[in-house]
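Values in this text are rule-based calculations from the coordinates and carry no lab data. As the structure is a computational prediction, the values presented were derived from the model and not from experiment. Positions of Cβ are generated from backbone atoms using ideal geometry, with glycine treated the same way; all protein chains shown enter the neighbour counts.
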Amino acid sequence: MGRAPINVLVANSWKVHRALRFQTDSDTHQIPVEIKKAIITAASKSQRTLPLQSLVDRDGLTKTALRIIIEEILSAGIDEICLVVCPGDEEAYAVAAGGHAGRLRFVEQTEPRGYGHAVFCGRDFVGGKPFLLLVGDHLYVSGGQKRSAQQLVEIARTENCSVSAVQATHESKLPHYGTVGGHLVAGRKGLYEIEQVLEKPTPTEAEQKLIVPGLRAGHYLCFFGMHVLTPAVMELLSEEIAQCGNRSIHLSTALAKLAKRERYLACELEGHRYDIGVKYGLLTAQLALALDGEDRDEVLSGLVELLARRAL
């Protein structure tokens with residue numbers, strides 16, 4: 001038999017090295033991923049007013065987007081929440097949280113240095129422990145009995161590592177999301193080992209570096225706006241901040257390094273994200289919540305009537 005090509009040998013050697021390194025990490029750091037705290041980021045100029053918007057939730061009650069996000073977190077058994085805001089926004093957010101305001105600890109992002117920096121502002125709050133991370137401009141509708149955050153937290157506990165929720169997304173929307181590449185975990189539907197992370201890649205970059213076998217053509221695994229992350233992420237963000245000076249800090253950069261350092265998974269949850277910061281995003285999220293709620297029939301009747309009038 002002939003020898004295998006050198007590039008195949010190198011690739012296989014790297015896979016073995018990677019597997020052994022993660023196995024060693026697992027053997028020596030058997031600390032269960034118990035998630036007791038959550039961070040919500042809401043400090044960017046384009047994002048800061050979105051969590052204050054009101055919608056009618058699935059239970060028929062009018063709530064702010066922030067309150068809906070907080071209740072998403074509470075469904076996962078987490079009641080200690082850090083909200084990262086712009087200076088001066090605390091009062092407005094406390095009002096928007098309603099009866100949940102007492103659960104919040106506010107932290108200000110005093111300078112606009114990007115999403116990664118906003119996450120890092122919550123470092124003292126999480127105190128070297130794993131944490132749930134959500135953005136303030138996404139709402140979620142689950143396709144099952146468990147809400148999205150609860151699904152993600154349970155997966156992270158089972159797998160004992162960082163897990164980012166992802167959603168198969170058309171390449172036309174890549175400018176809005178961080179995107180991952182990797183491979184399906186054997187025998188596990190919708191669970192992927194992450195090998196690469198890119199922040200808002202172009203379709204060309206995604207095609208070259210982020211193809212995931214099994215996805216429809218032109219679709220990629222984009223972040224869901226929800227992560228469970230280990231303390232290593234805060235360490236990596238600290239290194240980024242020290243190296244980058246005053247430049248903007250991307251969380252995706254730290255997550256790309258995390259994938260090289262320890263086991264890091266992506267999971268397609270049973271549910272969908274709705275970005276309320278894009279055009280018609282708030283309207284789309286409202287429709288999704290309404291169609292998932294107790295007023296579904298009434299909403300459907302209204303939509304049919306509206307479409308019938310438009311057809312005349």
Inset, instruction - Please work out the Cα convex hull volume for segment 254-312 and give it in Å³ per residue. - result: 133 Å³
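Based on a Kirkwood Rh over C-alpha pairs, give the Stokes-Einstein translational diffusion coefficient of segment 176-311 at 37 °C and viscosity 0.692 mPa s in µm²/s.
The estimated diffusion coefficient comes to 186 µm²/s.
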Legend entry - Lysine-lysine proximity count for the chain, Cα under 15 Å, sequence distance 8 or more or distinct chains: 6
Inset, instruction - Can you find, among Y177, G102, A118, the residue farthest towards the positive end of the dipole of the chain? Put +1 on the C-beta of Lys and Arg, -1 on that of Asp and Glu. - result: Y177
Inset, instruction - Please work out how much length the chain gains when fully extended from R247 to E90, using 0.36 nm per residue of separation minus the C-alpha to C-alpha distance, in nm with one decimal. - result: 54.0 nm
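Could you give the DSSP H helices of the chain that reach 20 angstrom or more along their long axis (alpha carbon positions) and whose average Kyte-Doolittle hydropathy is no lower than -0.5?
The answer, listed by residue number, is 6-28, 296-311.
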Inset, instruction - Work out, in µm²/s and without decimals, the Stokes-Einstein translational diffusion coefficient of segment 134-248 at 25 °C, 0.890 mPa s, Rh from Kirkwood over C-alpha pairs. - result: 158 µm²/s
Legend entry - Modelled label reach - E80, point 7 Å along Cα→Cβ, segment 126-142 residues with backbone N closer than 11 Å: 126-131
Inset, instruction - Have a look at segment 182-232 and give its Rg and Dmax from the Cα atoms, expressed in angstrom. - result: 12.0, 35
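Is it possible to state the helix-based mean residue ellipticity at 222 nm for the chain, with each DSSP H run of 4+ residues giving -39500 (n - 2.57), the sum divided by total residues, to the nearest 500 deg cm²/dmol? What is it?
-11500 deg cm²/dmol
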Legend entry - Förster radius 25 Å - calculated FRET efficiency between D59 and R103, Cβ distance, rounded to 0.05: 0.85
Inset, instruction - May I ask for the percentage of alpha-carbon pairs in the chain that lie more than 31 Å from each other? - result: 32 percent
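Magnitude of the Cβ-charge dipole of the chain, K/R +1 and D/E -1, about the Cα centre, nearest 20 debye?
840 debye
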Legend entry - Top positive-direction residue, dipole computed over the chain with Cβ charges, set S162, G88, A76: S162
